[in-house]
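> Structure below; questions to follow.
What follows is calculated from the coordinates using simple rules that are stated; it is not laboratory data. Everything numeric in this text was worked out from a predicted model, so none of it was measured. Positions of Cβ are backbone-derived with ideal geometry, glycine not excepted, and every protein chain shown enters the neighbour counts.
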Amino acid sequence: MIQVEKLTKRYGDTLAIDALDFEVQQGEVVGFLGPNGAGKSTTMRILTGALGATSGRALIGGIDVYENPRAVKQLIGYLPESPPLYVDMTVRSYLRFCARIKGAADPKAAVEQVVHRVGLASVAHRLIDHLSKGFRQRVGIAQALVHEPKVLILDEPASGLDPAQRKEIRELVRELADGDTTVILSTHVLPEVEALCDRVIIIREGRIVASDQLARLGGDATAIRISVARPDDALLPALLGLHQVDEVTREAEGRYRVHASADVREQVAAVAVPYGLLELSGQRGLEEVYLQLTGEPS
């Protein structure tokens, strides 16, 4: 559904993105991650036709973004980091305006559907200027969805939302993906990515440094942290004796880190229980992989 080939963007002497190559299949939910200034928003703006590339090309549904931007805009819904809201309009009138310019077959029906879908029914009559930041973010999401796009590009969609609202947006994105909507999601909230995405693309200094399924992103290595109530010198060699365990380090009194070439959590737990197992973490998380690949400080 999305195909990016050698996509490059320069601002004068500054190279924002450097020959990016990636594809996103129909129905995939892909996390697009990277530090501030890595080139995420630039890439998203090029995909939406809001910004031209210096070289390379991007296709949405087989249509070249540069050659036919109007057709591409009918296929995509875009939520930038700062939603494009006309604050002197009511929620409903603004969404009707968006539905008309995006070519919805029945703008009035489309608005009523999206208002209920995104949880705006109680404020649909109010001026956008009078809404909280969380509700404004919902209006931004609604304008991206109002014409039922086949591709949804979300830049920090949960910005300004409380935990309950984040959960609602997460469930909405899942629902969209189940309906074959293709989603690219950029966010700094890594647990959201782990909960939502099938695959992750990590970008650093304008270049892709990783692109893989979440389950495989950390490679074959597994890091397990355990905490025990009754630390004993015998525990460390017992852990080292487990099959496929490569290394065990003592991080603090009663806390150990186990490195293995496979997922050995069950075996580690069995060994640690007699020592009063208090805590056992899972496989290496996305945060650890992200920090390693981007060089971001922990």
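> Mind checking which aspartates and glutamates have their Cα closer than 18 Å to the Cα of Lys133? Skip sequence neighbours fewer than 8 apart in that chain.
Within the straight-line cut-off, Lys133 pairs with Glu81, Asp88, Asp155, Glu156, Asp162, Glu168.
> Let me ask something else about it. Sequence neighbours fewer than 8 away in the same chain don't count; with that in mind, list the lysines whose C-alpha is under 20 Å from Lys40.
Within the straight-line limit of under 20 Å, Lys40 reaches these lysines: Lys6, Lys9, Lys73.
> Then there's this: Angle check, please: helix 163-178 long axis (alpha carbons) against the longest principal axis of the chain (alpha carbons), in degrees 0 to 90, nearest 10.
Here the helix axis deviates by roughly 80 degrees.
> Between helix 133-145 and the chain, what is the angle of the helix's C-alpha long axis to the longest principal axis, kept within 0 to 90° and rounded to the nearest 10?
70
> Against the empirical 2.2 N^0.38 Å scaling, what ratio does the C-alpha Rg of region 222-282 come to? Provide the component values of the computation, followed by the final result.
Details: Rg = 9.9 Å, N = 61, 2.2 N^0.38 = 10.5 Å.
Rg over 2.2 N^0.38 Å, computed on Cα atoms: 0.94.
> If R₀ is 30 angstrom, what is the calculated FRET efficiency for the pair Lys133 and Leu293, using the beta carbon separation as r and rounding to 0.05?
Calculated value: 0.45.
> Find how many whole Å separate the alpha carbon centroid of region 168-215 from the alpha carbon centroid of region 60-88.
Using only Cα atoms, the two centres lie 19 Å from each other.
> With the radius of gyration and the Kirkwood radius both derived from the Cα set of the chain, what is their ratio Rg to Rh? Intermediate results must be reported in sequence, preceding the final value.
On the way: Rg = 23.0 Å, Rh = 21.4 Å.
With Rh from the inverse mean 1/r over Cα pairs, Rg/Rh is 1.07.
> If I fit a long axis through the Cα atoms of helix 107-117 and take the longest principal axis of the Cα atoms of the chain, what angle between them do I get, 0 to 90°, rounded to 10?
Approximately 20 degrees, to the nearest 10.
> Once R0 is set to 51 Å, what does the formula 1/(1 + (r/R0)^6) return for the Cβ-Cβ distance between Phe97 and Ala234, expressed as a FRET efficiency to the nearest 0.05? Mind dumping the intermediate values first?
Details: r = 71 Å, r/R0 = 1.39.
It comes to 0.10.
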